[in-house]
1. Which value in nm describes the separation of the simple spin-label points at Y102 and D267, placed 7 Å from the Cα toward the beta carbon?
2. Can you quote the Å³ per residue value for the convex hull of the Cα atoms in the range 170-234, rounded to an integer?
3. Quote to one decimal, in nm, the extra length available between D250 and S66 on full extension: 0.36 nm per residue of separation minus the C-alpha distance between them.
4. Would you mind putting 243-251, 271-279, 204-212, 139-147 in packing order, based on average other-beta-carbon counts within 10 Å, highest first?
5. Mind jotting down a quarter of the surface of the convex hull over the alpha carbons of the range 205-247, in square nanometres, one decimal?
6. Quick one: dipole size for the chain, taken about the Cα centre, charges +1 on Lys/Arg Cβ and -1 on Asp/Glu Cβ, in debye to the nearest 20.
7. Explain nothing, just the number: relative contact order of the range 192-298, from Cα pairs under 8 Å at least 6 residues apart, as a whole percent.
8. Rounded to two decimal places and with Rh computed the Kirkwood way over Cα pairs, what is Rg over Rh for the range 125-258?
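No value in this document is a laboratory result; all are computed from the given coordinates. Just so it is clear, the model here is predicted, and its values are computed rather than measured. Neighbour counts run over all protein chains shown; Cβ positions are idealised from the backbone, glycine included.
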Amino acid sequence: MKKMAKVAVIALAAVMTVSMLGCSKKADGKHAKVTIKFPTATASGALYAVGAAITNVWDKNIDFVSASSQASNGGLDNLNQIADGESQVSIAISSNCFQSYYGLDSFTGRPNKKLRVIAGLYFNPNQVVVSQKSGIKSLADVKGKHFAVAAAGSSVEGECNNHFTAAGLKYPSDIRAEYIAFGDAADMLQNGTIDGAWIMSGTPAAAVSQACSAGCRLLDISDDVISTLQKTFPWYAAYTIPAGTYPGQDKDVQTSAIKMTMFTSADLDEETVYQLTKTLWEHIDELGEAQRNLKGLTAKAAVRDVAGLPLHDGAVRYYKEIGVLN
């Protein structure tokens, strides 16, 4: 009886483990069926569409995977869902992934050391827009100016804090901060009632186009500021906004950016993650046609600028197979 009870306990544990990974039945006798839940952001946002495109490719091309995207409250929620085992794969900016992995900021006391990267995807660049009459030529010149820093406590305001501090300013006391949304900031720039605004978004951003159409311009973020940022925040990368992206932009503009990162848990098995990674990159041209944010992505770039976070073993296997990693 004791032996039978022991066997039953072991069997139950095995079933529970499989259930946590979304597995239920065999597919083609090779791999257990895997359900991938992929939280994204609000259903009206670009990230939701990105997740839907990726999960559709997985669902159609991997015989043992059933994948679907879901609306969520965004990056922090996505990271919590993966940590809690409620979902299997998701996307967030690499800074939030770093904070989750090490238990910092919003994740204080709850480090998720099982977080694993599948791929760094596209960059989310910072875009600093200033009026011509402001005379602002660098971040340091924003001192004493009337500047829109986005909603108080938002991730974009955090970008302002990090960057202005790196530029030698005391934030927020050194500037006349206006806590407003992107659209309102663009209207105020257009009306000349503020000197500048911080916008973090893919390019081209409607708010930036609106402001530039009214004669405003993008501000360069110097190598020195980016280097200073990287000493404390390993997720930052230099990013170029090509000339012609916005009205009146006749030259390239250098700024900083954070990469959107696809991640999972170490609990998801190697073969599944290998197939997810392989299928993603084998269909990246198709995905790029469906979603502008995925256009032009490469596997080579996918292992860079991910804040030094560990790749999943299944992803590593694929990147080694194609020569991206040694």
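1. About 2.5 nm, to one decimal.
2. 116 Å³
3. Contour length minus the Cα-Cα distance gives 61.6 nm.
4. 271-279, 204-212, 139-147, 243-251
5. Reported value for the Cα convex hull: 3.6 nm².
6. 960 debye
7. Details: 88 pairs, mean separation 20.5, N = 107.
This gives 19 percent for the range 192-298.
8. Dividing the radius of gyration by the Kirkwood radius yields 0.92.
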